[in-house]
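What follows is a single structure, written as structure tokens, with notes after it.
Derivation of every value follows stated rules applied to the coordinates shown; laboratory data play no part. The shown structure was predicted, so the numbers you read here are calculated from the model rather than taken from an experiment. We place every Cβ from the backbone using ideal geometry, glycine too, and count neighbours over all the protein chains shown.
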Amino acid sequence: MTDAASADILIDTDVCQGLGYCERVAAEIFHVDDDLGVAVAPDLVTGADSARAAVAAEELCPTRAISLRLHMA
Ligand code: SF4
């Protein structure tokens, strides 16, 4: 759970396995690119709901490929 208002998102494509857990929990943010075989996401999402969804994906990612920087305001 987070009270963040926005989040910077970085996906480490060297460790992402394209497993799609992030997409399942936050489809509005994460998408597994079939050609690249890895997840893609915007560099920044805004709004508390989006920040919470990004955190949920980060916590679920089995390879720890997702890094977030949360902004409280
Ligand atoms: S859950 Fe993690 S490993 Fe799986 S596609 Fe998303 S970022 Fe990549």
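Key figures
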item: Hits in the range 32-54 - residues which are under 11 Å from I66 (Cα atoms) and either more than 9 Å from the chain's Cα centre (by Cα) or touching a residue at least 40 places away in the same chain (Cβ under 8 Å) (or both); result: A54
item: Candidates I29, I11, filtered to the one that is in contact (Cβ under 8 Å) with a residue 40 or more places away in the chain, crowded, with 18+ Cβ neighbours inside 10 Å and not acidic (D, E); result: I11
